[in-house]
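This report refers to the structure that appears directly beneath it.
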Amino acid sequence: MRSIALHRLGRVPYARSQALQRELVQLRRRGEVRDTLLLVEHPPVFTLGRLQSCEANVRATREEIEAAGASVVQSERGGNVTFHGPGQLVAYPILDLNGHRKDMRWFVHSLEDAMIATAAAFGVTARRGVAGEEGIWVDDRKLGALGVHVSRWVTSHGLALNVDPDLRFFDMIVPCGLQRPVTSLAREVAAGRRATLAEATTQFEAAFSSTFESALDGEEEPPPWRRAFDGEAH
């Protein structure tokens, strides 16, 4: 079975995670790191994809966004505008698809499948979106978003699964350019069942490993990039 290095980075500003991904893509392309899965949580931030309609889908003013404790950042991923914040599981796979399948549809569907399996572990039935509906859905409510970037078959960016974020932030935008409600695992679980980020992370790791037929393992000796990253945080 293939292996993927798992790195749980905790809460990381979006711009910092984007810079790290750029670095890891170059290292992966040169064969200096293994396939890697980054799991993070972001402070409140609205990210703009590469579509020109992004700015038009931000309903709130910059002043209103700042007053809410959030920021706006241009992203290198595809797609439209979305929100990241505490209570949301964000996964960034840095994978060389030459060692998996050189098939973007397969890659995107695999990310969706991992989120769907995570939701199922909480008793929540989710589905893939139909044409024009990226991400995963519970009926007509969006539970998880996708936005990926691929360069010479090395992936970056990825997915965001709403576990228990403050959903009021989504009222400040047209999420992914779609006039649809947004939901979370915490809102969809049965009465008496809780959805925590810690449990969702554990379930997602298992689902990702199964979907990509790869073992996730923490590296015994932190690679140079991780030592530098952790050192910058202090």
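For region 29-126, the alpha carbon convex hull comes to 151 Å³ per residue, rounded to a whole number.
Beta bridges assigned by DSSP with both partners in the chain are antiparallel in approximately 65 percent of cases. How much mean residue ellipticity at 222 nm does the chain get from its helices, if each DSSP H run of length 4 or more adds -39500 (n - 2.57) and you divide by all residues, to the nearest 500 deg cm²/dmol? The per-residue figure over the chain is -9000 deg cm²/dmol.
Only sites in a loop by DSSP and with at most 12 other Cβ atoms within 10 Å count here; which trypsin sites (Lys or Arg not before Pro) in region 167-217 make the cut? Walk me through the intermediate numbers first.
On the way: sites: Arg168, Arg187, Arg193, Arg194; in loops: Arg193, Arg194.
Answer in residue order: Arg193, Arg194.
As a rough guide to protection, the peptides 140-148, 62-70, 15-23 ranked by mean Cβ packing within 10 Å, highest first, stand as 140-148, 15-23, 62-70.
Ratio of Rg to Rh for region 1-83, alpha carbon only, Kirkwood? Don't jump to the answer; show the numbers that get you there.
Working: Rg = 15.4 Å, Rh = 14.5 Å.
Ratio of gyration radius to Kirkwood radius for region 1-83: 1.06.
May I ask for the distance between the Cα centers of region 60-126 and region 181-196, given as a whole number of Å? About 18 Å separates the Cα centre of region 60-126 from the one of region 181-196. Dividing the Cα radius of gyration of region 168-225 by its Kirkwood radius returns 1.13 for Rg/Rh. Over all directions, the projected convex hull of the C-alpha atoms in the chain averages 12.8 nm² in area.
The C-alpha radius of gyration of region 94-231, expressed as a fraction of 2.2 N^0.38 Å, stands at 1.13.
A short reminder: the numbers here are calculations on the coordinates, not readings from a lab. Predicted model only: the values in this text are computed from it and were never measured. Here the Cβ is made from the backbone with ideal geometry for all residues, glycine too, and neighbour counts use every protein chain on show.
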